[in-house]
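Q: Quick one: this structure, given as structure tokens, is what I'll be asking you about.
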Amino acid sequence: MTLDVETFVRGFVAGLINSDATAIRLGSRADRRGLRQVLNTLETEIQRSQNSNGEDKDWYRYVVRLRNELRPSNNGTFDNFEMALRNLQLSLTSCPNPFYEEIAFSVSKPYAQSIISELPNPQQKLVAKAVEAFLGARKDERIENGRDEHRKSPEPCT
Amino acid sequence: MSIERVRNLARKWFPAEGGSFQSALDHEFDKIGFTGDSGYVETAIEANRTGRASRKEKVVKDNVWGMVEVDWQSIRLLDSPVVQRLRGIKQLGFSYLTYPSAEHSRFVHSLGMYCVVSRFLDVMSRRGREYQDRSSSDDAATYEVWEPNAKLISDLRHAAILHDIGHMPFSHASEAVFETHQSEMTCGPKSVDDFRFDVEETLETTLRFAECLALAVVLSPRFRNFYDNFVRPGGGDPDTSIKYLGLQVTSKSTRRFLKLLSVSPLSAGKATGV
């Protein structure tokens, strides 16, 4: 079992493609909230591994290192996560627009499914939880934004 | 990373009752002359206590930075075997084989880092005062002025001197060997993998092997005794000061000034020319 950051991020992107996501926009609040939820998922997994009496030391170490690699930097941005996503360019991701803020997913669903099926079972589960957390947080943020938009008073006509 | 996590790491590595890791580290300290009982550390502390240890500042001539003024506390740190050891470690690893002039040591680099950090701090203090003088006549100041106090200045200067003490011969070249064969290499009684994981698990951050070693040196009881009673006698709460130094040495502090120094393109480490 290859336990590294790249494998997890590949699985994460493949999971997003399977769930009909087409891109990650790192400048958007919704997506940043989603990445924060992915980190929370990893924290939960770390707690779970710790409480299982050290049955799988390698797995625990893997998740701790993954969390450390993907956590936000001192200024709050997900630099390392972004770097991991951009490192998948020419295979799973691409940055088509000139501002490079959007990381688009450039493979088909069947291929994404095959990436996930190649992952060992524990990683598949972790990836599935991470994808669910990301999409859930993104959806919540958009709903809240929708509510805020409705609350704003309309601009006066000139 | 917080100071509480650094304390936890110190407790893990160096429990009150001692341990094999501490013994192994003390054995290595003995080899470089940083001896404990009746040795270098105790002699230095005794000399300070009886007033025989000098408190004069020095001026060191450097071919890059010119004349560098070094305060007496930093002199004591620079003169210690743990820092003098850096004279034997080439900054650029094996690069001297291709570029014959690349012969300078980590010691010179650490001294340069000290000089650059001191200059940063001096400029920040001076500009802060100038801004305050200008804005006192205005109705509202645009920026909040952050002026480092004397303690923080000392902390940062000492962190600059100590930031590379964990380096091994040929710097990053040997580090790459250790990081590639983590399970096979040992660090005292622990494997390199276990040793690094202690840091990753407790501090929740990934550090290079040399930075982990620097932390181990700074948090060790022998170094703490030396630092608190000789380098910085009467410098406040010893537990806090050494843990804070450990925080800064690894350059991952959340303090905005160290972030500026360590992470930005204008970092002091890069300014000293690799």
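The values are calculated or read from the model by the stated rules, or taken from the named source; none is laboratory data. Since we're looking at a predicted model, the values are computed, not measured. Note: ideal-geometry Cβ built from the backbone for every residue, glycine included; neighbour counts use all protein chains shown. Quick note on the areas: whole protein, heavy atoms, side chains included, nothing else; ligands and nucleic acids left out. Shrake-Rupley method; radii C 1.70, N 1.55, O 1.52, S 1.80 Å.
Q: Among what's in the range A:53-68 and is open to solvent by 20 Å² or more (accessible area, probe 1.4 Å) and at pLDDT 90 or above, pick the residue that is farthest from the other protein chains (Cβ to nearest Cβ). It would help to see each step written out before you state the result.
A: Here is the first cut: in the range A:53-68, the ones open to solvent by 20 Å² or more (accessible area, probe 1.4 Å) are A:53-58, A:60-61, A:65.
Among the residues that remain, those that are also at pLDDT 90 or above are: A:60-61, A:65.
On the way: A:Tyr60: 9, A:Arg61: 6, A:Arg65: 6 Å.
My answer is A:Tyr60.
Q: Listed residues A:Asn74, A:Asn80; which is within 14 Å of chain B (Cβ to nearest Cβ), more than 20 Å from A:Ser19 (Cα to Cα) and in a helix (DSSP H, G or I)?
A: Of the residues listed, the single one that is within 14 Å of chain B (Cβ to nearest Cβ), more than 20 Å from A:Ser19 (Cα to Cα) and in a helix (DSSP H, G or I) is A:Asn80.
Q: Right, next: Look through B:Ala24, B:Ala10 and report the one residue that is at pLDDT below 95, in a helix (DSSP H, G or I) and either open to solvent by 100 Å² or more (accessible area, probe 1.4 Å) or under 19 Å from B:Tyr227 (Cα atoms) (or both).
A: The match here is B:Ala10.
Q: Check the range B:155-171 and report whether any residue there is under 15 Å from B:Ala210 (Cβ atoms), among the aromatic types (Phe, Trp, Tyr) and touching a strand residue (DSSP E or B) at 6+ places or on another chain (Cβ under 8 Å).
A: Checked the range B:155-171: at least one residue is under 15 Å from B:Ala210 (Cβ atoms), among the aromatic types (Phe, Trp, Tyr) and touching a strand residue (DSSP E or B) at 6+ places or on another chain (Cβ under 8 Å).
Q: Note down all Cβ pairs under 6 Å where the first residue falls in the range B:189-211 and is closer than 16 Å to B:Glu175 by Cα and at the interface with chain A (Cβ under 8 Å from one of its Cβ atoms), the second is of a type in the set (A, V, I, L, M) and buried (at least 18 other Cβ atoms within 10 Å of the Cβ), and they're at least six residues apart or on different chains.
A: Filtered contacts from the range B:189-211: no entries.
Q: Determine which member of the set A:Ser73, A:Ser94, A:Ser49 is of a type in the set (Ser, Thr, Tyr), over 15 Å from A:Gly11 (Cβ atoms), free of Cβ contacts under 8 Å to residues at least 60 places away in the same chain and touching a strand residue (DSSP E or B) at 6+ places or on another chain (Cβ under 6 Å).
A: Details: A:Ser73 fails: touching a strand residue (DSSP E or B) at 6+ places or on another chain (Cβ under 6 Å); A:Ser49 fails: touching a strand residue (DSSP E or B) at 6+ places or on another chain (Cβ under 6 Å).
Step by step, each of A:Ser73, A:Ser94, A:Ser49 is checked, and only A:Ser94 is of a type in the set (Ser, Thr, Tyr), over 15 Å from A:Gly11 (Cβ atoms), free of Cβ contacts under 8 Å to residues at least 60 places away in the same chain and touching a strand residue (DSSP E or B) at 6+ places or on another chain (Cβ under 6 Å).
Q: Evaluate the following for A:Leu119: is it among the hydrophobic types (A, V, I, L, M, F, W, C), surrounded by 13 or more Cβ atoms within 10 Å (Cβ to Cβ) and away from every other protein chain (no Cβ under 14 Å)?
A: yes
Q: Could I ask something else about it? Among the residues of the range A:128-149, is there at least one that is acidic (Asp, Glu), at pLDDT 85 or above and either farther than 20 Å from A:Phe8 by Cβ or over 16 Å from the mean Cα position of the chain (by Cα) (or both)?
A: no
Q: Can you name the residue in the range A:96-116 that is touching a Gly at 6+ places or on another chain (Cβ under 9 Å) and among the charged types (D, E, K, R) and is also most open to solvent (accessible area, probe 1.4 Å) among such residues? Break it down into steps so the answer makes sense when it comes.
A: Of all residues in the range A:96-116, those touching a Gly at 6+ places or on another chain (Cβ under 9 Å) come to A:99, A:101-102, A:112, A:115-116.
Okay, now just the ones that are also among the charged types (D, E, K, R), so A:101-102.
On the way: A:Glu101: 116, A:Glu102: 52 Å².
Ranking the candidates gives A:Glu101 first.
Q: Determine whether A:Ala104 is among the aliphatic types (A, V, I, L, M) and either under 21 Å from A:Glu43 (Cβ atoms) or at pLDDT below 85 (or both).
A: No, not satisfied.
Q: If you don't mind, another one. Can you find even one residue in the range B:27-41 that is within 22 Å of the chain's Cα centre (by Cα), of a type in the set (D, E, K, R) and in a strand (DSSP E or B)?
A: No, the range B:27-41 has no match at all.
Q: Is it fair to say B:Gly51 is without any contact (Cβ under 8 Å) to a residue 40 or more places away in the chain, touching a Cys at 6+ places or on another chain (Cβ under 9 Å) and of a type outside the set (A, V, I, L, M, F, W, C)?
A: no
Q: List pairs: first in the range B:1-28 and farther than 19 Å from B:Gly39 by Cα, second outside any helix (DSSP H, G or I) and open to solvent by 70 Å² or more (accessible area, probe 1.4 Å), Cβ under 8 Å, 6+ apart or cross-chain?
A: B:Met1/B:Lys252; B:Met1/B:Thr254; B:Ser2/B:Thr254; B:Ser20/B:Pro189; B:Phe21/B:Pro189
So that you can scan it fast, the table gives a plain yes or no per residue for (1) touching a Pro at 6+ places or on another chain (Cβ under 6 Å); (2) surrounded by 14 or more Cβ atoms within 10 Å (Cβ to Cβ):
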| residue | (1), (2) |
| --- | --- |
| B:Phe29 | no, yes |
| B:Gly33 | yes, no |
| B:Gly36 | no, yes |
| B:Val59 | no, no |
| B:Glu69 | no, no |
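Q: Now, a different point. Tally time: how many residues in the range A:30-52 are away from chain B (no Cβ under 12 Å) and more than 16 Å from the chain's Cα centre (by Cα)? Give the steps one after another, and end with the answer.
A: Step one: filter the range A:30-52 for residues away from chain B (no Cβ under 12 Å), giving A:30-38, A:40-41, A:44-45, A:47-48, A:51-52.
Right, trim to more than 16 Å from the chain's Cα centre (by Cα) and you get A:47-48, A:51-52.
Of the residues in the range A:30-52, 4 are away from chain B (no Cβ under 12 Å) and more than 16 Å from the chain's Cα centre (by Cα).
Q: Taking the range B:93-109 only, how many residues are open to solvent by 40 Å² or more (accessible area, probe 1.4 Å) and farther than 20 Å from B:Val177 by Cα?
A: The number of residues fulfilling the criteria is 7.
Q: Then there's this: Out of B:Glu184, B:Glu179, B:Glu175, report the one residue that is open to solvent by less than 20 Å² (accessible area, probe 1.4 Å), modelled with pLDDT under 90 and farther than 30 Å from B:Val70 by Cα.
A: Of B:Glu184, B:Glu179, B:Glu175, the one residue that is open to solvent by less than 20 Å² (accessible area, probe 1.4 Å), modelled with pLDDT under 90 and farther than 30 Å from B:Val70 by Cα is B:Glu175.
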